[in-house]
Structures are given as structure tokens and as C-alpha cells.
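Trainee: Mind having a look at this structure? Questions to follow.
Each value in this text was obtained by applying a stated rule to the coordinates, not by laboratory testing. Just so we're clear, the structure is a prediction, and the values are computed from it rather than from any experiment. Neighbour counts run over all protein chains shown; Cβ positions are idealised from the backbone, glycine included.
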């Protein structure tokens with residue numbers, strides 16, 4: 001594991017009306033930050049935003065502009081009327097990775113059939129050419145605290161390879 005000063009930068013984003021207005025503690029964000037730090041990332045957040053397309057897209061754009069190589073969101077991936085994290089994410093990513101999103105759902109289904117309800121996306125925001133090679137990997141996880149831990153257990157071993165590819169490294 002790298003030291004925080006050497007670590008790649010990650011941003012944890014919680015998408016929740018109730019957490020953003022103080023009606024509910026952000027347990028999922030706390031779990032997400034701990035999981036990312038355990039993997040050696042220097043983590044900003046959790047950044048807590050209300051549900052909605054623009055709030056999600058804005059948080060993702062801010063993370064990319066601040067130089068994050070990885071952004072993981074929690075919440076807003078279900079079928080509720082305000083669950084719009086995938087729609088906000090779709091506005092920002094330039095390339096998607098449906099295979100990884102399906103892997104997260106499939107592995108989540110080992111714990112609960114509700115994992116199939118998640119509409120979470122995975123994709124890359126390609127950086128402008130003047131910034132150099134690379135991009136930011138964006139992953140949407142469900143908002144349930146156990147789903148965050150389960151998702152990070154699946155994602156963690158893959159991140160080194162994924163981020164090497166995103167930054168232009170060899171496969």
C-alpha cells in the first residue's frame with residue numbers, strides 16, 4: 001500500500017436528499033471513504049449532494065477538474081423518481097464500461113436479489129489532450145451501506161489494472 005502522499009486521488013460522492021439536508025447520517029459515504037483509504041487512495045469526501053441529474057453531474061465534473069483519477073458514488077441508482085445518479089453520470093462520462101457495471105450487479109446478487117435493481121454505471125471521463133493522457137474512472141454504487149462494502153470488495157482488486165488502462169498504460 002502506498003502512503004497517502006503517494007496515493008492516487010479519489011473522490012467519494014454520496015447522492016442522497018436525506019443525507020444532504022441532514023435528516024440521515026451518511027453511513028454509506030463513511031464506508032466508501034474507509035474502503036478507498038484501505039486500498040491506498042488519498043480520498044476527498046464524502047462529498048454529499050442531493051439526488052438529481054445536475055447535482056450528480058456537477059459533483060463529477062468538480063472531481064475531474066480537481067484531478068481525481070477515481071470517483072465512486074453511492075446512492076441514487078434505484079428505481080425511485082429521484083434516483084437519477086446514472087442520468088447525471090451519463091452526462092459526464094465519455095466512454096462507458098457495461099461489463100464492470102454488470103459484474104457489480106451480478107456479484108451483489110449473491111448477497112441480495114435487490115442488486116439487480118441497481119442502474120449504476122461505470123465509465124471514463126477522458127481528459128482533454130492538453131492535460132495529457134488519461135482520464136477519470138467513475139463508478140456508481142447503490143446507497144445501501146452493505147452494498148457499498150460489497151461493491152468495493154469486487155472493485156478493489158480490479159482498480160490498479162483499470163486505472164493503468166485509463167491512464168494509457170499497457171493491458
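Trainee: Normalised by the number of residues in the range 9-166, what is the relative contact order in percent for Cα pairs under 8 Å and 6+ residues apart?
Mentor: After rounding, I find 25 percent.
Trainee: Tell me the angle of helix 145-166 to the major Cα principal axis of the chain, expressed in degrees between 0 and 90 and rounded to the nearest ten.
Mentor: Its long axis makes an angle of about 20 degrees.
Trainee: If neighbour count is taken as other Cβ atoms inside 10 Å, put 17, 153 in order from fewest to most.
Mentor: Taking fewest neighbouring Cβ atoms as first place, the list is 153, 17.
Trainee: Related question: Go ahead and run the numbers for FRET between residue 117 and residue 149, Cβ-Cβ distance against an R0 of 22 Å, rounding to 0.05.
Mentor: 0.80
Trainee: Taking other Cβ within 10 Å of each residue's Cβ, how do 13, 139 sort, fewest first?
Mentor: Listed from fewest to most nearby Cβ atoms, that is 139, 13.
Trainee: Round to the nearest 10 and give me the degree value, 0 to 90, for the angle of helix 98-108's Cα axis relative to the longest principal axis of the chain.
Mentor: Once rounded, one gets 50 degrees.
Trainee: Along the principal axes of its C-alpha atoms, what lengths does the chain span, in descending order and rounded to whole Å?
Mentor: 39, 32, 29
Trainee: Tell me the angle of helix 53-65 to the major Cα principal axis of the chain, expressed in degrees between 0 and 90 and rounded to the nearest ten.
Mentor: Its long axis makes an angle of about 20 degrees.
Trainee: Just rank 15, 33, fewest to most, by other beta-carbon atoms within 10 angstrom. Let's see the in-between values first.
Mentor: Values: 15 30, 33 22.
Sorted ascending by nearby Cβ count, the order is 33, 15.
Trainee: If you average the C-alpha positions of the range 20-99 and of the range 118-171 separately, how far apart do those two centres end up, in angstrom?
Mentor: 12 Å
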